[in-house]
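I have placed the structure first, in the form of structure tokens, so that the comments after it can refer back to it.
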Amino acid sequence: MVKLPLRILLVSMLSLVCAYCLLAESPATAEEVGHNWAQWRGPLGTGVAQSANPPVRWDEQENVRWKVELPGLGHSTPIVWGDRLFVTTAIPAGERFAPRHDNAPGSHDNLPVTQRHQFVLLAVNRINGEILWQRTVRSETPHEGGHYTGSLASASSVTDGRRVVAYFGSRGLYCLDMDGKMLWDDDLGIMHSRHAHGEGSSPALYGHTLVVNWDHEGASYLVAFDIRDGRQLWKVDRDEVTSWSSPVVVDVEGRPQVIVSGTQRVRGYDLGTGDVIWECGGLSRNIVATPVAAGGMVYVASSYDTRAMLAIRLAGLRGDVTDTDHVVWSRMRGTPYVPSPLLYGDSLYFLRHYQNILTRVVAASGEQPVGPVRLDGLRNIYASPVGAAGRIYVTDTNGATLVLSHGTIPRILALNQLDDSFSASAAIVGDALYLRGRRFLYCLAAESE
């Protein structure tokens, strides 16, 4: 019999134990996911928190459970799991950005690259707003300044309740445990966005598979990792240019698909292999809005140089389905550019471009029972609308949030004002609504009687 050295035996046993742990670990249950806000569009990926009941009214004096000033700047949505909230930010050092005014294409909209930034993930106590830890994952001077309305921390994080993934695009992908210990990271390279407008797509998580969309002016691709150890599972090229849309994962006939909007095509990929299952044309350049899906349908939209919204039936999709009866309905007016649609029950809500015009259609048919609603009191809107407790919440960049009833004719319930500017979409958990502004993070909840 050949005797192995003790060191080799110990390493082999440790490897087997680690492999067993990876196999034995179960993903978060549907109930756990449903009671948290683990990704930027919420537990269902539709903008809705089914089990939550946030307040209807608030201002700086009323129904603010806590308010904490955040360092740096970021437009990423807070994510929530249990008693912790996670948010990313980019903290500048030295000279601050100032708009430039030269004649280069698109440059009047951009901020110059003049300073080093720390790219940071923060953990916040959800009960009292205390910052529990602050982890700098990278420090560098960005190669692009980004659009003046954007930020260097616009991609929202994602969590499975055991780990949290912070994504900073060209500054890397980072997986930490819930106490801030780095587990693994990956450098995906340098993204060159159209007109140097910056980066913003958020990762998607399904089970143990983490998916990142890398659409830019270079070689675009879609890539998947195992969240447990950072192994790359697959990577597929995409015939696409810059987009800011995030991938979504949808169960279709018992198999999960990754659906990604793009200029050339909306595509559905097999989550296990990365193979393209179907594709559909019809959107514009500068894709920002993220798809929403439920009831066997996916809804995609754009509004840059072409206004388009498509409702696509997912069952049986194969190959190119452009202009087929798989596209159940479409429309060419009033479609969203920056804010993503809200899919609430049988209703699909969306804003015109990023303006204060809200449309509600019957999701299954595209029928519009009443005309669009003008949201008086709101101006430019970059945050995506969210829904809970039979209400819709729409927040603008001037600090106002309009609360409307969810129904055939949306009715205004309240107009609330805070002393901050908001581009990040809200998160809703339990009795609280979390709003992340340029300066502050707010927890809004009804005061106990």
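The values are calculated or read from the model by the stated rules, or taken from the named source; none is laboratory data. Small disclaimer: the values here were computed from a predicted structure and weren't measured. Cβ placement follows ideal geometry from the backbone for every residue including glycine, while neighbour counts extend to all protein chains displayed.
Considering each of 202, 193, 220 in turn, give the residue that is free of Cβ contacts under 8 Å to residues at least 24 places away in the same chain, crowded, with 18+ Cβ neighbours inside 10 Å and under 18 Å from residue 242 (Cα atoms).
220
Residues that are touching a His at 6+ places or on another chain (Cβ under 7 Å), in a loop (DSSP other than H, G, I, E, B) and basic (Lys, Arg): does the range 264-286 have at least one?
For the range 264-286, residues touching a His at 6+ places or on another chain (Cβ under 7 Å), in a loop (DSSP other than H, G, I, E, B) and basic (Lys, Arg): absent.
Matching residues to (1) at pLDDT 95 or above; (2) more than 24 Å from residue 425 (Cβ to Cβ); (3) of a type in the set (Ser, Thr, Tyr):
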site: 203; (1), (2), (3): yes, no, no
site: 238; (1), (2), (3): yes, yes, no
site: 245; (1), (2), (3): yes, no, yes
site: 252; (1), (2), (3): yes, yes, no
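Against the conditions (1) surrounded by fewer than 23 Cβ atoms within 10 Å (Cβ to Cβ); (2) closer than 19 Å to residue 249 by Cβ, where does residue 155 fall short? Just the number, please.
Single failed check for residue 155: (1).
Within the range 118-132, how many residues are over 22 Å from residue 422 (Cβ atoms), among the β-branched types (Val, Ile, Thr) and assigned to a strand (DSSP E or B)?
The number of residues fulfilling the criteria is 0.
Kindly indicate the residue of the range 227-255 that is among the hydrophobic types (A, V, I, L, M, F, W, C) and in a loop (DSSP other than H, G, I, E, B) and also nearest to residue 184 (Cα to Cα) among those meeting that condition.
This residue is 227.
Do you know which of the residues in the range 133-150 that are assigned to a strand (DSSP E or B) and β-branched (Val, Ile, Thr) is surrounded by the most Cβ atoms within 10 Å (Cβ to Cβ)?
My answer is 137.
For the list (1) farther than 20 Å from residue 71 by Cα; (2) charged (D, E, K, R); (3) surrounded by fewer than 17 Cβ atoms within 10 Å (Cβ to Cβ), I need the number of the one condition that residue 130 fails.
The single condition residue 130 does not satisfy is (1).
For the range 44-53, check the following and say yes or no: at least one residue is touching a residue at least 24 places away in the same chain (Cβ under 8 Å) and touching a Lys or Arg at 6+ places or on another chain (Cβ under 6 Å).
Yes, the range 44-53 contains a residue that is touching a residue at least 24 places away in the same chain (Cβ under 8 Å) and touching a Lys or Arg at 6+ places or on another chain (Cβ under 6 Å).
For residue 321, which of the numbered conditions (1) out of contact with any Leu (no Cβ under 9 Å at 6 or more places or on another chain); (2) free of Cβ contacts under 8 Å to residues at least 60 places away in the same chain; (3) closer than 19 Å to residue 286 by Cβ; (4) surrounded by 15 or more Cβ atoms within 10 Å (Cβ to Cβ) fails to hold?
For residue 321, the exception is condition (3).
Count, please, the residues in the range 151-189 that happen to be not in a loop (DSSP other than H, G, I, E, B) and not basic (Lys, Arg). I'd like the intermediate steps shown before the answer.
Going through the range 151-189, the residues not in a loop (DSSP other than H, G, I, E, B) turn out to be 158-159, 163-167, 169-171, 173-177, 182-186.
Right, trim to not basic (Lys, Arg) and you get 158-159, 164-167, 169-170, 173-177, 182-186.
Of the residues in the range 151-189, 18 are not in a loop (DSSP other than H, G, I, E, B) and not basic (Lys, Arg).
Could you tell me how many of the residues in the range 430-449 are part of a strand (DSSP E or B) and either in contact (Cβ under 8 Å) with a residue 60 or more places away in the chain or more than 17 Å from the chain's Cα centre (by Cα) (or both)?
Summing the residues that are part of a strand (DSSP E or B) and either in contact (Cβ under 8 Å) with a residue 60 or more places away in the chain or more than 17 Å from the chain's Cα centre (by Cα) (or both) in the range 430-449 gives 10.
Does the range 343-357 contain any residue that is over 24 Å from residue 287 (Cα atoms) and surrounded by fewer than 24 Cβ atoms within 10 Å (Cβ to Cβ)? Can you show your working first?
Going through the range 343-357, the residues over 24 Å from residue 287 (Cα atoms) turn out to be 345-346.
Narrowing further to those that are surrounded by fewer than 24 Cβ atoms within 10 Å (Cβ to Cβ): 345-346.
The answer is yes, given that some residue of the range 343-357 is over 24 Å from residue 287 (Cα atoms) and surrounded by fewer than 24 Cβ atoms within 10 Å (Cβ to Cβ).
Report, by residue number, each residue of the range 305-318 that is on the phi < 0 side of the Ramachandran plot and loosely packed, with under 14 Cβ neighbours inside 10 Å.
305, 315, 318
Out of curiosity, is residue 285 at pLDDT 95 or above, surrounded by 14 or more Cβ atoms within 10 Å (Cβ to Cβ) and among the basic types (Lys, Arg)?
no
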